[in-house]
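First the structure, in the form of structure tokens, and then the observations on it.
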Amino acid sequence: MDLRCKAYGMAAAVFVLDRLSKWIIETRVSFLDTLRVIPGFFAIVHSQNRGVAFSLFDGDASSWRTALLVVFSLAAVIVIARILWNVDRLDRLSWTGLGLILGGAVGNVFDRIVWGRVTDFLDFYVGDYHWPTFNIADSAIVIGSGLLLVEMLWPKRQTANVP
């Protein structure tokens, strides 16, 4: 299997896993439920996010908010998909990271286009401190970004020019 298929396949797998997990939450968990998985640390909840990552701008009442988020998200999806088209020029960490980011971005932009919001359900907390709820797509974007950061900061091996 060539790298392009692997990269786009990874993105498709993230999208499917994200949609499936959101569908399960949307159909089986009410907004009032809190399913404690690890008491004092992790729960499954059902929340809706009309903002961006980690609920930033969720309270903004602007009618342009969703349209702008969709436009910027689609632009990012197009740019990443185009970069992955030339995957042979990328190292493993880069194409893996970009594949994860692409799948997560498509998952969230799909929700925003279809419903005008994104379903979040992973709730990590310690005591009264709660990390903003998130989903599989958000996780893929963060992990993919971390891989790109590691690749950028990792020292490159120098190859000697041998005649």
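Per DSSP H run of n ≥ 4, the term is -39500 (n - 2.57); total these for the chain, divide by its residue number, and report the mean residue ellipticity at 222 nm rounded to 500 deg cm²/dmol.
Theoretical 222 nm ellipticity from helices: -19000 deg cm²/dmol.
Counting only C-alpha contacts under 8 Å and six or more residues apart, can you give the relative contact order of the range 1-53 as a whole percent?
24 percent
Enter the angle in degrees (range 0 to 90, nearest 10) between the Cα long axis of helix 136-153 and the first principal axis of the Cα atoms of the chain, meaning the one along which they spread out most.
30 degrees
Hey, what did the chain get for relative contact order, percent, Cα under 8 Å, at least 6 apart?
On the way: 229 pairs, mean separation 51.7, N = 163.
Reported relative contact order: 32 percent.
For the Cα atoms of the chain, what angle does the longest principal axis make with the long axis of helix 92-115, in degrees from 0 to 90, nearest 10?
It is inclined by approximately 30 degrees.
Taking the beta-carbon count within 10 Å as an exposure proxy, list Glu26, Glu151 from fewest neighbours to most.
By the 10 Å Cβ count, ascending: Glu26, Glu151.
Over the Cα atoms of the range 62-147, how large are the radius of gyration and the largest Cα-Cα distance (Dmax), in Å?
According to the Cα coordinates of the range 62-147, Rg and Dmax are 14.7, 47 Å.
Sorted by average packing, counted as other Cβ atoms within 10 angstrom per residue and highest first, what order do 83-90, 40-47 take?
Going from most to least packed, we get 40-47, 83-90.
Taking a temperature of 25 °C and a viscosity of 0.890 mPa s, what whole-number D in µm²/s does Stokes-Einstein yield for the chain with Rh from Kirkwood over alpha carbon pairs?
142 µm²/s
Arranged from highest to lowest average of other beta-carbon atoms within 10 Å per residue, in what order do the peptides 127-139, 102-114 appear? Walk me through the numbers on the way to the answer.
Numbers: 127-139: 16.6, 102-114: 21.8.
Most protected by this proxy first, the peptides run 102-114, 127-139.
The numbers here are math on the coordinates, done by the rules we state, and not lab data. Every value quoted in this text rests on a predicted model; they were computed, and no experiment measured them. Neighbour counts are summed over all protein chains in view; Cβ atoms, including those assigned to glycine, are modelled from backbone coordinates with ideal geometry.
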